[in-house]
Amino acid sequence: MSSLLEEFETLPNDITYLVKNIGQYIDININNNSIIFAVATIAFNPIFWNIVARLEYNTHFLTKISGGAYRGCYLLAFTIFSLGIYRDHVYHQALIAQPTFEPLINSLIIKSIAIGSFIFGNILVLTSMYALGVTGTYLGDYFGILMNERVTGFPFNINDNPMYNGSTLCFLGTALWYGKPSGIIITIFVFVMYKIALLFEEPFTAKIYANREKELLSKRV
């Protein structure tokens, strides 16, 4: 109990020191550019799936290649999932090579936050995948595979974008667990990239469903 009280007293000072000296804990070495590569893979993934999905919507090239909309969506889903696994591996390897801030890694409070962040992040990701299914998760609407109604149950009743926010929390939890300030900076970058992706995805998805409503209305008339 006394050690926890000591942590509560010293942690604000440690964080203040870290903020002032953050540059000392981010190693961008051109001879060991794992951190740069990790950032590149993080940026690449949402750019890739947005470009491919829009190409599919306009040309149906994946549908034609695979022999059907569902097969095309499953192919894209496998590709996105594989890229995500690879991105996480690259991120983990980059973190290991980065400087450690000892007060983070030695703090029971930070360790608890790291575990909570990682677990809750995975809950958001996995439950949103379960609620949406494969086609709902992996851009099935760009293939013409539309959902009958908006999903409003958990986790969408507590968060508008649980997949993206959950993934961001996983990045944060990993960074805190290993006591890597560079991972915290990368987590901020992940958050920004997902926000940018949503600027493209949400209006386009809304357009797809609006077009379906127009088609349904025209058939009724």
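The values are calculated or read from the model by the stated rules, or taken from the named source; none is laboratory data. What you see is a predicted model; the values in this text were computed from it and never measured. All Cβ positions, even for glycine, are placed from backbone atoms using ideal geometry, and neighbour counts span all protein chains on display. Protein only, heavy atoms only, side chains kept; ligands, DNA and RNA dropped before computing areas. Shrake-Rupley method; radii C 1.70, N 1.55, O 1.52, S 1.80 Å.
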Out of F171, F143, report the one residue that is more than 20 Å from the chain's Cα centre (by Cα) and crowded, with 21+ Cβ neighbours inside 10 Å. F143
Qualifying position, being assigned to a helix (DSSP H, G or I) and more than 23 Å from I22 (Cβ to Cβ), among G173, G153, G183, G133: G133
From the list S66, S117, which residue is farther than 26 Å from Y164 by Cβ, surrounded by 15 or more Cβ atoms within 10 Å (Cβ to Cβ) and touching a Leu at 6+ places or on another chain (Cβ under 6 Å)? S66
Can you say whether I51 is open to solvent by 70 Å² or more (accessible area, probe 1.4 Å), β-branched (V, I, T) and either in contact with an Asp or Glu (Cβ under 6 Å, 6 or more places away or on another chain) or at pLDDT 95 or above (or both), as far as the supplied structure shows? yes
Could you check the range 156-168 and list, in sequence order, the residues that are in a loop (DSSP other than H, G, I, E, B) and surrounded by 17 or more Cβ atoms within 10 Å (Cβ to Cβ)? F156, N161
Quick one: which residue in G84, G133, G67 is small (G, A, S) and closer than 24 Å to E213 by Cβ? G133
What are the residues in the range 1-18 that are modelled with pLDDT under 90 and open to solvent by 50 Å² or more (accessible area, probe 1.4 Å), if any? M1, S2, S3, L4, L5, E6, F8, E9, T10, P12, N13, I15
Condition broken by E215, with the remaining ones in (1) touching a Gly at 6+ places or on another chain (Cβ under 8 Å); (2) at pLDDT below 95 satisfied: (1)
Return a yes/no flag: does the range 89-106 have any residue that is more than 24 Å from V151 (Cβ to Cβ), under 17 Å from the mean Cα position of the chain (by Cα), without any contact (Cβ under 8 Å) to a residue 60 or more places away in the chain and open to solvent by 70 Å² or more (accessible area, probe 1.4 Å). yes
